Amino acid sequence: MTRGEERGEPSRGDYASMARAALVLYGDGLTAPEVLRTCYGVELPEEFFVVAEADPYELDLSVDLTGQPWDLAVPPGQDGPGPMGDSERAILALDPDLLPLVRLLDYEVVPNGTFGCYRLTELAAGRTTVFRVRVSDGHCGEAVRCADSLLDLLHAG
């Protein structure tokens, strides 16, 4: 447990602490972009919010959404994807700079367990680059650049 977690501060590795922090921030009147900027320390691009506001489950995408950041982008009273899964934890343990966004489902193109992720350092630099990483049996492969943006990744899938 980190010192921040001991003090009750949000930690990306602890979904419950992130959800609690988001609830407090929404209660303070912050918008979804402000909540996520506070939680992750970077601006998430507009493309993320366009997908989140469009109800991603109705878009018929060839992806599953991760728990973070999608659930945190949904104000209280609305349903989001749910808590962080084991694969997301494995990605975060491998590289804390990665922010898992989607699990790719087109198995003819990518192997099962392949995720598309933003890098927080790329977002901080104003870039929306998406990286692909594969998780198998709790082990992560290396993150490889795969698209200029989340929308490019979704359009290709």
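The values are calculated or read from the model by the stated rules, or taken from the named source; none is laboratory data. From a predicted model like this one, the values you see are computed outputs, not experimental measurements. Cβ: placed from backbone, ideal geometry, glycine included. Neighbour counts: every protein chain shown.
Before moving on, here are some points about what is shown:
- Qualifying residue in the stretch 136-152 (condition: under 16 Å from residue 65 (Cα atoms), surrounded by 18 or more Cβ atoms within 10 Å (Cβ to Cβ) and out of contact with any helix residue (DSSP H, G or I) (no Cβ under 6 Å at 6 or more places or on another chain)): no
- In the stretch 33-55, the qualifying residues are those that are of a type in the set (A, V, I, L, M, F, W, C), surrounded by fewer than 17 Cβ atoms within 10 Å (Cβ to Cβ) and closer than 15 Å to residue 101 by Cα, and the one that is modelled with the highest pLDDT is 49.
- Residue check for residue 63: farther than 22 Å from residue 121 by Cα, crowded, with 16+ Cβ neighbours inside 10 Å, hydrophobic (A, V, I, L, M, F, W, C) and modelled with pLDDT under 90: yes
- Checking residue 26 against (1) modelled with pLDDT of 90 or more; (2) within 17 Å of residue 100 (Cα to Cα); (3) of a type outside the set (Lys, Arg), the condition it does not meet: (2)
- Selection count, the stretch 1-20, where residues are buried (at least 16 other Cβ atoms within 10 Å of the Cβ) and either at pLDDT 90 or above or among the hydroxyl-bearing types (Ser, Thr, Tyr) (or both): 3
- Residue under evaluation residue 71, criteria (1) touching a Leu at 6+ places or on another chain (Cβ under 9 Å); (2) at pLDDT below 75, criterion not met: (2)
Table: residues versus (1) part of a helix (DSSP H, G or I); (2) hydrophobic (A, V, I, L, M, F, W, C).
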position: 33; (1), (2): yes, no
position: 36; (1), (2): yes, yes
position: 43; (1), (2): no, no
position: 48; (1), (2): yes, yes
position: 60; (1), (2): no, no
position: 75; (1), (2): no, no
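- Residue check, residue 131 among the aromatic types (Phe, Trp, Tyr) and either in a helix (DSSP H, G or I) or at pLDDT below 95 (or both): no
- Residues located in the stretch 21-31, provided they are surrounded by fewer than 18 Cβ atoms within 10 Å (Cβ to Cβ) and assigned to a helix (DSSP H, G or I): 23, 24, 27
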